[in-house]
Amino acid sequence: MTSSEPAFIKTKWGNICKLTHDNYDEWKDDIILILSAMKEYATIRGEDPEPQPLDFDHDNNFDDWKAKEVEAASMIRLSCFPSVRCIVKGIRNPHEMWNTLETSLDTTRSYIGRQDILRQFRARRSKEDEPLKAYFTQHSNYHIQLDHTDDAVTD
């Protein structure tokens, strides 16, 4: 966390603490309330399917649906500290962002979850056709997921 990075995100419904590796449960409760107030919680749960081309107002429905998806993704991304934001870097789908954060941060609370991440870290090998950048990014993600836990990986 940098001193220039605010600890809260301001919304018209109130301020919420930004997501860190240590406050997932609190953040999740707060962001669910905010996204519900924004009428976008169904979007992150994957319950708001993309409008089909057979809809008479498909273009309007699609534009509205896409705008809701972008708002939900923006709220999630901007409510994270940079140390957590990197977990969802490059992901634009709010449902995928939500699931990725949940998988990455919620499992670190349990011993079994941390051991599973540690097992994946130890078993991870570069694939023959895989770019090195992808390998190192995944390697770094394991470090980040276990950071601030009893099972943190040291270099």
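The values are calculated or read from the model by the stated rules, or taken from the named source; none is laboratory data. Every value quoted in this text rests on a predicted model; they were computed, and no experiment measured them. Positions of Cβ are backbone-derived with ideal geometry, glycine not excepted, and every protein chain shown enters the neighbour counts. Accessible surface areas use protein heavy atoms only, side chains included; no ligands, DNA or RNA. Shrake-Rupley method; radii C 1.70, N 1.55, O 1.52, S 1.80 Å.
Residue pairs whose Cβ atoms lie under 7 Å apart, separated by 6 or more positions or on different chains, with the first residue in the stretch 3-24 and farther than 15 Å from Ser83 by Cα and the second open to solvent by less than 90 Å² (accessible area, probe 1.4 Å) and in a loop (DSSP other than H, G, I, E, B), are Ile9/Lys18; Ile9/Ser79; Ile16/Ser79.
For the stretch 143-155, the set of residues classified as open to solvent by less than 40 Å² (accessible area, probe 1.4 Å) and not in a helix (DSSP H, G or I) consists of Thr149, Asp151, Val153, listed by residue number.
Table: residues versus (1) out of contact with any helix residue (DSSP H, G or I) (no Cβ under 6 Å at 6 or more places or on another chain); (2) open to solvent by 40 Å² or more (accessible area, probe 1.4 Å).
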site	(1), (2)
Trp65	yes, no
Val70	yes, yes
Gly90	yes, yes
His95	no, yes
Asp116	yes, yes
Arg124	yes, no
Glu130	yes, no
Asn141	yes, no
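Of the residues screened, Glu40 is not one that is open to solvent by 90 Å² or more (accessible area, probe 1.4 Å), under 18 Å from the mean Cα position of the chain (by Cα) and at pLDDT 85 or above.
Among the residues of the stretch 89-115, just one is within 10 Å of the chain's Cα centre (by Cα), at pLDDT below 85 and hydrophobic (A, V, I, L, M, F, W, C), namely Leu105. The set of residues from the stretch 15-34 being open to solvent by less than 20 Å² (accessible area, probe 1.4 Å), more than 15 Å from Val88 (Cα to Cα) and outside any strand (DSSP E or B) comprises Trp27, Ile31, Ile34.
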